[in-house]
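Reviewing the structure listed below.
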Amino acid sequence: MVVFEKPHALTDAPFHYCPGCTHGIVHRLVAEVIDELGIEGRTIGIAPVGCSVMAYNYFNCDMIEAAHGRAPAVATGVKRADPENHIVFTYQGDGDLASIGMAETVHSAARNENITVIFINNAIYGMTGGQMAPTSLPGQITQTSPYGRDVNHCGYPVKVCEMLSELDGPEYLERVTVNSVKNIKNAKKAILKAFKNQVEGKGFSLVEVLSTCPTNWGMTPADALKWVDEKMIPYYPLGVYKDRSAAKEVEA
Amino acid sequence: MADKVLMKGNEAIAEAAIIAGCRHYFGYPITPQTEIAAYMAKRMPKIGGCFLQAESEIAAINMVYGVASAGLRVMTSSSSPGISLKGEGLSYLAGSDLPSLVVNVQRGGPGLGGIQPSQSDYFQATRAGGHGDFRMIVLAPASVQEMAELTVKGFELADKYRMTSMLLADGTMGQMMEPVELASLKVNAAPEKPWATNGTKMQRAHNITNSLSLVPEELEQLNFARYERYAEIEANETMYEEYLMDDADICIAAFGIAARVSRNAVDEARRQGIKVGMIRPITLWPFPTAPFKAAADHVKSFISVELSMGQMIEDVKLASECRVPVTLCNRAGGMIPTPEQVLDAIVKANNGGER
Ligand SMILES: Cc1ncc(C[n+]2csc(CCOP(=O)(O)OP(=O)(O)O)c2C)c(N)n1
Ligand code: SF4
Ligand SMILES: [Mg+2]
């Protein structure tokens, strides 16, 4: 029998996430990758402000809690403090990364800052109780869009991977999800690549993970997973949006 | 005596920071302090350091937060509007007990204001750098030499007490050229930082840099502990200079450029036989309460000379317990009081408020 083993890079602290929330799955994938690359001792993680604010309790590597949206700037400082040794990742929600921290996101990508960004797109502000996010879908009902997101009033969702792919800077951008075993495997591959790129000095690597928030979507965990397939993926297609090294190999 | 070189105040700050072992600078251009960034941009790559122009003051202060978390000496500089943007970061640095040096070469405000010298960020620096209960050590140089010395001191105090030191200068001080002697600057190496988040190397439990504390009883204890440290600073690190105070009937309170102007006025008033002296706070926080309290025993009045609408005057009143009148002699919006204006104020005070 295979015993379910906890990755070393995760602490023993029990997650505080709601039942059916995919934050926990992504934490686990990140920790597995840290284990596989053997980089825990030189990794510094940056937690955001959002439901994953207490990620600093869950990872065994050194952890920093950043101000809302500022994780990429903090990561820039930590990375530049010791570029040869430090492996730095941020873990950010959509409000954190694509609203209040948009400038930090875009400019760290433009600088091709050699960091790894794990971006949890759950189309909502989870922590504050379900308000409209920059990634909430047109028509999506939230606490602050109670009649559905009206694009004529508050505009369109931000497609982060598509937007950043227009920059020359970033090394690697991929959108994945974790709503099925197959998709979790893909997500793991992408996260592994995003960390490996950093180890190899390749530069800014961002993995956008379409995630669920059953609590604030007002759904059962199972329905939430379905909603990712039916509503989110059509608007936010999965796939690689940029892979500079792969592109170079093709050219060569 | 060691060699003196002619330097701008802003450049002296930059070079002194490098001498103090700072190898990371982040900033966003704003007049009148951009020479610091320009100097760092030239020097840092030559000495294995890192100069990075940030996309905003917000990003810059958070890059500072990152380097400080990793346990290295780090700085940023800006001028008034940019310091307002750094307010969030200053609060987080305080909440996470991280050392850093932040330079504010002040200009006139509020809003976009102007680009001429000012001291109108005194309240912001000494009371409200950002949200929450916290202090910064605020250092006010009055010469280019002091810009260099207090930069080094700022790093040392920041490390010693795990907090932000703010060098509070103004446009005149930043642009002014004076001879400085850098060779004699004494630097204490940074202390060990076992709390730094710079990788566990699989040899210790993970460190966490954090300002979140959701249990009020615990957050209160953190605040108590921080304020105990602040009390230690008040007891041990207060700095000021007294000038002709022994027999003074009138006491000028002034810092930075205002103190230089006032000194001329004091000298002239003395020539006219008026017994006037000056207390020049070098630390604005902690404020040198003791000398003002002592002076209140023998002076008839205080005059607070400021490049603002009157901010330090509140601390002078508090320190002297309002036992004698405290008047304001000021200019604002980028204007500087002249020695004549200060002399007028002294003469008036000497005549018991009448000219
Ligand atoms: C400066 C600032 N503004 C607002 C907040 C309140 N706040 C906390 S979390 C959050 C939204 C987080 O949403 P997201 O980044 O999508 O993360 P999620 O909780 O969905 O994982 C907000 C607005 C804050 N902490 N700081
Ligand atoms: S509120 Fe949503 S995002 Fe936050 S833990 Fe619960 S399910 Fe997850
Ligand atoms: Mg979210």
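Using the Kirkwood radius over Cα pairs, work out the Stokes-Einstein diffusion coefficient for the range A:23-251 at 10 °C and 1.306 mPa s, in µm²/s as a whole number. Walk me through the numbers on the way to the answer.
Details: Rh = 17.4 Å.
Roughly 91 µm²/s, to the nearest whole number.
Can you tell me the FRET efficiency between A:Ala13 and B:Cys322 if r is taken as the Cβ-Cβ distance and R0 is 56 Å, rounded to the nearest 0.05? Walk me through the intermediate numbers first.
Details: r = 54 Å, r/R0 = 0.96.
The computed FRET efficiency comes out at 0.55.
Hey, got the dipole for chain B? About the Cα centre, +1 on K and R Cβ, -1 on D and E Cβ, debye to the nearest 20? Each step should come with its number before you reach the end.
Working: 33 positive and 40 negative charges, 134 e Å.
So the dipole magnitude of chain B works out to roughly 640 debye.
Tell me, what is the per residue accessible area of the range B:252-302 in Å², probe radius 1.4 Å?
32 Å²
Chains A and B: what accessible area do they bury, summed, in square angstrom to the nearest 100, with a 1.4 Å probe? List each step's numbers first, then the result.
Numbers: alone 11190 and 15260 Å², together 23970 Å².
Roughly 2500 Å².
Using alpha carbons only, what's the Rg to Rh ratio of the protein assembly as shown with Rh from Kirkwood?
Reported Rg/Rh, Kirkwood definition of Rh: 1.05.
Report the net charge of residues surrounding A:His8, where surrounding means a beta-carbon distance below 10 angstrom and charges are Lys +1, Arg +1, Asp -1, Glu -1. Numbers along the way, then the final one.
On the way: positive: A:Lys6; negative: A:Glu5, A:Glu32, A:Asp35, A:Glu40.
The answer is -3.
So how much accessible area does B:Glu321 have, in Å² to the nearest 10, using a 1.4 Å probe?
So the heavy atoms of B:Glu321 present about 100 Å² to solvent.
If you count only protein heavy atoms and use a 1.4 Å probe, how large is the accessible surface of B:Glu241, to the nearest 10 Å²?
In the full protein context, B:Glu241 sits at about 70 Å².
Taking all protein chains together and a probe of 1.4 Å, list B:Tyr240, A:Tyr241 from the most accessible to the least accessible.
From most accessible down to least: B:Tyr240, A:Tyr241.
Starting from the residue with the highest accessible area, list A:Lys182, B:Lys8, B:Lys46 in decreasing order, probe 1.4 Å.
Working: A:Lys182 145, B:Lys8 50, B:Lys46 165 Å².
Output order, biggest surface exposure first: B:Lys46, A:Lys182, B:Lys8.
Can you list which of the DSSP-assigned H helices in chain A have a Cα extent of 18 Å or more along the long axis and an average Kyte-Doolittle score of at least -1.0?
TM-like helix candidates: A:23-37, A:181-199.
What is the Å³ per residue value for the convex hull set by the Cα atoms of the range A:1-134? Write out the running numbers ahead of the final one.
Numbers: hull volume 14.6 nm³, N = 134.
With only Cα atoms used, the range A:1-134 gives 109 Å³ per residue.
In sequence order, what are the phi-derived ³J(HN,Hα) couplings for the range B:49-59 according to the Karplus relation 6.51 cos²θ - 1.76 cosθ + 1.60 with θ = phi - 60°, rounded to whole Hz, with x for glycine and proline?
Ordered by residue, 3J(HN,Hα) equals x, 10, 9, 9, 7, 7, 6, 6, 5, 5, 5 Hz.
With respect to the cross-link table entries B:Lys153/B:Lys193; A:Lys242/B:Lys201; A:Lys196/B:Lys201, which display a Cα-Cα separation exceeding 23 Å? Write down the numbers at each step before the final one.
Numbers: B:Lys153/B:Lys193 18 Å; A:Lys242/B:Lys201 32 Å; A:Lys196/B:Lys201 19 Å.
Too far apart for the 23 Å limit: A:Lys242/B:Lys201.
Just want the answer: with Cβ charges of +1 for Lys and Arg and -1 for Asp and Glu, which residue in B:Gly352, B:Ile336, B:Met63 is farthest toward the dipole's positive end in the protein assembly as shown?
Of the candidates, B:Met63 comes out farthest on the positive side.
For chain B, find the longest principal axis of its Cα atoms and tell me its angle to the long axis of helix B:339-350, 0 to 90°, nearest 10.
Helix B:339-350 and the main axis of chain B meet at about 60 degrees.
As a check on your grasp of the helix formula, calculate [θ] at 222 nm for chain B: sum -39500 (n - 2.57) over DSSP H runs of n ≥ 4, divide by the residue count, round to the nearest 500.
Taken over chain B, the calculation gives -12500 deg cm²/dmol.
Under 24 Å Cα to Cα from B:Lys300, which lysines show up? Leave out anything in the same chain fewer than 8 places away.
B:Lys275, B:Lys317, B:Lys348
Rounded to the nearest 20 Debye, what is the dipole magnitude of the range B:241-350 about its Cα centre when Lys and Arg each give +1 and Asp and Glu each give -1 at the C-beta? Present the calculation step by step, with values, prior to reporting the outcome.
Numbers: 12 positive and 14 negative charges, 27 e Å.
I would put it at about 120 debye.
On C-alpha positions alone, give me the angle between the axis of helix B:256-271 and the longest principal axis of chain B, in degrees, nearest 10.
20 degrees
With unit charges on the beta carbon (Lys/Arg positive, Asp/Glu negative), name the residue among A:Gly130, A:Asn112, A:Ser211 whose Cα is farthest towards the positive pole of the charge dipole of the range A:100-223.
Looking along the dipole axis, the top candidate is A:Ser211.
What do you reckon, how do A:Tyr172, A:Tyr17 stack up by accessible area (1.4 Å probe), largest on top?
On the way: A:Tyr172 0, A:Tyr17 35 Å².
If we order A:Tyr172, A:Tyr17 from most to least accessible, we get A:Tyr17, A:Tyr172.
How much accessible surface area, in Å² rounded to 10, belongs to the heavy atoms of A:Glu84 with a 1.4 Å probe?
Only protein atoms counted, so the area is about 150 Å².
Which length gain, in nm to one decimal place, applies between A:Gln131 and A:Ser245 when the Cα-Cα distance is subtracted from 0.36 nm times their residue separation?
Here the segment from A:Gln131 to A:Ser245 would lengthen by 37.2 nm.
In debye, nearest 20: dipole of chain A around its Cα centre with unit charges on the Cβ of K, R (+) and D, E (-)?
Magnitude of the dipole: close to 260 debye.
Farthest toward the dipole's positive end in the protein assembly as shown, which of A:Leu173, B:Ser320, B:Tyr25, given Cβ charges of +1 (Lys, Arg) and -1 (Asp, Glu) about the Cα centre?
Final value for the positive-end residue is A:Leu173.
The values are calculated or read from the model by the stated rules, or taken from the named source; none is laboratory data. Bear in mind that the values here come from a model prediction, so they are computed numbers and not experimental data. Methodologically, a virtual Cβ is constructed for each residue, glycine included, from the backbone with ideal geometry; neighbour enumeration extends over all protein chains shown. In case anyone asks, the SASA skips ligands and DNA or RNA and just uses the protein heavy atoms, side chains included. Shrake-Rupley method; radii C 1.70, N 1.55, O 1.52, S 1.80 Å.
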